[in-house]
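Engineer: Once you've had a glance at the structure underneath, I'll fire off some questions.
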Amino acid sequence: MTEVLPQFIQVKIDQAKKETAEEVTKKVTAKVTKDHLLNILKTTNLTPDKAMDLLGIPEADRPMYKELLKKK
């Protein structure tokens, strides 16, 4: 039992690191995409939906970006 516990703990630590890295990556990606989206909207006459089409933002993520745009 005592031999298994350190392995179990290490697995949980590795899992937590991976989840944290994924969360950070998601936040950074959202920030960069929001910046690109704002830049496109400022420099063109595109609607937010057309700008999101240009950036290839999936339909499932669009409500999040629309909400972010409200907070500019």
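Engineer: Just to verify a result, which residue in the range 56-72, among those that are among the basic types (Lys, Arg) and assigned to a helix (DSSP H, G or I), is surrounded by the fewest Cβ atoms within 10 Å (Cβ to Cβ)?
Structural biologist: Lys70
Engineer: Right, next: Those residues that are within 25 Å of Arg62 (Cα to Cα) and among the charged types (D, E, K, R), I need them from the range 2-40; list them, please.
Structural biologist: Matches in the range 2-40: Glu19, Glu22, Glu23, Lys26, Lys27, Lys31, Lys34, Asp35.
Engineer: Please enumerate the residues belonging to the range 1-55 that are part of a helix (DSSP H, G or I) and of a type in the set (S, T, N, Q).
Structural biologist: Gln7, Gln10, Gln15, Thr20, Thr25, Thr29, Thr33, Asn39, Thr43
Every number here is computed from the coordinates shown, using simple stated rules; none is lab data. As the structure is a computational prediction, the values presented were derived from the model and not from experiment. We place every Cβ from the backbone using ideal geometry, glycine too, and count neighbours over all the protein chains shown.
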